[in-house]
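Everything on this sheet refers to the single structure shown next.
The values are calculated or read from the model by the stated rules, or taken from the named source; none is laboratory data. Note that this is a predicted model, so its numbers are computed, not measured. Cβ placement follows ideal geometry from the backbone for every residue including glycine, while neighbour counts extend to all protein chains displayed. SASA here: full protein model, heavy atoms, side chains in, ligands and nucleic acids out. Shrake-Rupley method; radii C 1.70, N 1.55, O 1.52, S 1.80 Å.
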Amino acid sequence: MTTQLPTPENTTIMPPTNQRTTTLLSNLSSVTTRITASSTKSPNTRAAPRLVAVSKLKPASDILALHQPPTNHVHFGENYLQELQEKARLLPASIKWHFIGGLQSNKCVSLARDTRALWAVESVDSEKKAGLLDRGWGERKEEMGGEEKLRVFVQVNTSGEEAKSGVDSDEGVVRLCRFIREKCPRLKLQGLMTIGAIARSRATTAENENEDFVALKEARDRVVRDFGLEGEGEEGLELSMGMSEDFEGAIALGSDEVRVGTTIFGDRPPKDQARVV
């Protein structure tokens with residue numbers, strides 16, 4: 001039996017096998033349990049962290065299996081614009097999509113304007129890209145869904161690696177956050193995000209602090225001080241850090257959101273072999 005979704009293309013998505021569905025539900029449950037346990041132990045956690053299930057290069061049927069009862073998971077992350085937009089057209093509008101991949105200036109307007117049910121962009125690393133996202137959100141049609149403002153996270157290069165995107169954790173992050181708050185009326189500064197060094201990630205435990213996570217937390221605290229947000233309880237200024245290998249260590253340092261992919265969905269296929277349907 002197939003699951004018929006009310007999409008413009010009237011595309012039929014074949015559900016995963018019972019075994020695949022069982023595996024996905026079990027994996028999600030395990031991750032959720034670990035998040036709850038970690039946040040309960042951490043004195044730095046303000047609330048249970050949001051779990052973004054990173055579904056890049058995985059079929060729409062996997063996402064649907066987790067979005068439907070009994071789990072009703074809503075936050076999913078994608079890295080590639082075309083794949084995100086195709087999945088967003090096919091899947092229910094009740095999903096909250098996060099774009100977490102590297103941003104290209106020439107795609108920012110389309111990302112904000114043309115992506116159905118877009119909830120957040122997590123990889124903003126320049127004033128130019130922020131301005132283009134602001135413009136795209138202003139050109140968005142009502143049927144695309146979304147709130148009055150598009151949530152954005154400023155990506156911080158906490159490891160200092162040249163190959164990594166992101167602003168520096170000192171003046172760069174403050175300058176970009178100020179630009180978003182003062183010059184981009186259609187954007188909401190949701191917080192800061194980092195993708196740390198792989199070696200540090202692999203060495204991270206709840207007891208062994210990750211330098212990248214410490215740096216992001218210090219950068220967030222710096223922005224809070226500079227903008228005089230202390231009395232607002234840092235409302236809306238979150239930390240998005242932690243992935244499959246290190247999310248428990250990120251939660252121990254106060255992460256508000258973790259982005260977990262392979263631990264939920266398993267290993268990804270090569271990009272040229274991935275299929276949305």
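Over the range 118-251, what percent of the accessible surface lies on carbon and sulfur atoms, probe 1.4 Å? Intermediate results must be reported in sequence, preceding the final value.
Working: 2670 of 6340 Å².
That share works out to 42 percent.
Would you work out if the range 79-156 is rounded, prolate or oblate? Take a ≥ b ≥ c from the square roots of the eigenvalues of the alpha-carbon gyration tensor; rounded if a/c is under 1.5, else prolate when a/b is larger than b/c, oblate otherwise. Before the final figure, lay out each step's value.
Numbers: a/c = 1.68, a/b = 1.37, b/c = 1.23.
It comes out prolate by the Cα gyration axes.
What figure in square angstrom, to the nearest 10, would you give for the accessible area of ASP125 with a 1.4 Å probe?
Counting only protein heavy atoms, the figure is 30 Å².
For the range 1-124, what value does the Rg/Rh ratio take when both radii are computed over Cα atoms and Rh is the Kirkwood radius, given to two decimals?
On the way: Rg = 15.6 Å, Rh = 15.7 Å.
Rounded to two decimals, Rg over Rh is 1.00.
Which of these, ILE35, ILE198, ILE264, has the largest mean-square fluctuation under a Gaussian network model of the chain (Cα springs below 10 Å)?
It is ILE198.
For THR262 and MET144, FRET efficiency with R0 = 30 Å and r from the beta-carbon atoms, rounded to 0.05?
0.50
Reachable lysines from LYS41, Cα under 21 Å, same-chain residues fewer than 8 places away excluded?
Reachable lysines: LYS217.
Cross-link candidates for LYS128: which lysines have Cα within less than 17 Å, leaving aside residues fewer than 8 places away along the same chain?
LYS107, LYS183, LYS188
For the range 164-221, just say rounded, prolate or oblate: build the C-alpha gyration tensor, square-root its eigenvalues into a ≥ b ≥ c, call rounded for a/c under 1.5, and beyond that prolate if a/b exceeds b/c, oblate if not. Numbers along the way, then the final one.
Details: a/c = 2.68, a/b = 2.54, b/c = 1.06.
Prolate, since a/c reaches 1.5 and a/b exceeds b/c.
Starting from the Cα of LYS58, draw a straight line to each of the lysines and keep only those under 20 Å, dropping any in the same chain fewer than 8 residues away.
Within reach: LYS87, LYS96, LYS271.
Once the principal axes of the Cα atoms of the range 16-61 are found, what is the range along each, listed largest first in whole angstroms?
Computed over the range 16-61, the largest-to-smallest principal extents equal 41, 19, 11 Å.
Could you state the accessible area per residue of the range 116-218 in Å², with a 1.4 Å probe and every protein chain left in place?
Values: 5100 Å² over 103 residues.
For the range 116-218, the per-residue accessible area is 50 Å².
Working from the alpha-carbon coordinates of the range 115-229, get Rg over Rh, Rh being the Kirkwood radius.
On the way: Rg = 15.3 Å, Rh = 15.0 Å.
The Rg/Rh ratio comes out at 1.02.
Remind me, relative contact order of the range 137-277 in percent, using alpha carbon pairs under 8 angstrom and six or more residues apart?
Numbers: 207 pairs, mean separation 28.9, N = 141.
21 percent.
Could you order ARG275, ARG140 by accessible surface area, starting with the largest, using a probe radius of 1.4 Å?
On the way: ARG275 145, ARG140 35 Å².
From most accessible down to least: ARG275, ARG140.
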